[in-house]
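Novice: One structure follows; several queries about it will come next.
The values are calculated or read from the model by the stated rules, or taken from the named source; none is laboratory data. Remember, it's a predicted structure, so these values are computed and weren't measured experimentally. Please note: Cβ atoms are built from the backbone with ideal geometry, for glycine as well, and neighbour counts cover all protein chains shown.
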Amino acid sequence: MAVDHQSVSTHIQRALEAHERIPDFLRRLTKAFRLLQAERRDPVRSADESLAAAEHYLFARQAIAGNAVSLVQLLTQMAEGGGQADTRQRMSRCAPGPDDTVGEGALSQDVVGWGVAGAVHGEADRMTYLPESAPPPFKAAFGRERTVAMMDGATADTIRVS
């Protein structure tokens with residue numbers, strides 16, 4: 001399924017309007033992201049690329065606007081994966097598919113592009129709503145998983161590092 005840019009814009013606007021009574025814009029962004037994240041957890045809608053693009057946009061925008069991660073770091077992580085599985089795991093893990101296979105395959109350029117647009121808009125929001133803030137330092141663990149070998153060396157567990 002291809003990304004329909006008008007549908008992406010409609011999803012974003014709908015999610016923001018659903019929380020328009022929240023006076024704190026940064027909180028409203030997070031609530032809007034969480035709404036789309038929940039919608040993508042629906043097995044019927046999890047493969048909708050336009051919804052995925054809208055979710056990626058709001059994820060990036062709220063993460064940077066709220067100063068959870070810097071614009072440079074998020075863009076670097078997007079570029080590192082080039083839309084491949086590693087980037088998909090970082091960006092899409094927030095909304096597992098019906099059988100938790102969200103981390104498989106490549107993101108379309110359009111979905112990644114919407115994530116980049118959200119990141120850039122998030123930086124403008126950070127400067128507007130948190131004018132005294134500096135971008136946070138690089139967080140090696142932001143949105144990544146790492147494999148940690150157990151003491152006996154025979155098994156390994158994958159853990160989420162936040």
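Novice: Among the helices (runs of 4 or more DSSP H) confined wholly to segment 1-109, which include 2 or more residues that are modelled with pLDDT of 95 or more? Explain how you work it out, then say what you get.
Specialist: On the way: elements: 5-17, 25-40, 49-65, 71-81, 85-92.
Qualifying helices (runs of 4 or more DSSP H): 5-17, 25-40, 49-65.
Novice: Can you tell me which residue is surrounded by the most Cβ atoms within 10 Å (Cβ to Cβ) among those in segment 18-54 that are closer than 20 Å to A124 by Cβ and not hydrophobic (A, V, I, L, M, F, W, C)?
Specialist: Going through the qualifying residues, I end up with T30.
Novice: Could you tell me whether any residue of segment 52-59 is among the hydroxyl-bearing types (S, T, Y) and under 24 Å from S133 (Cα atoms)? Step through it out loud before you land on a result.
Specialist: The initial filter retains those residues of segment 52-59 that are among the hydroxyl-bearing types (S, T, Y), namely 57.
Right, trim to under 24 Å from S133 (Cα atoms) and you get 57.
Yes.
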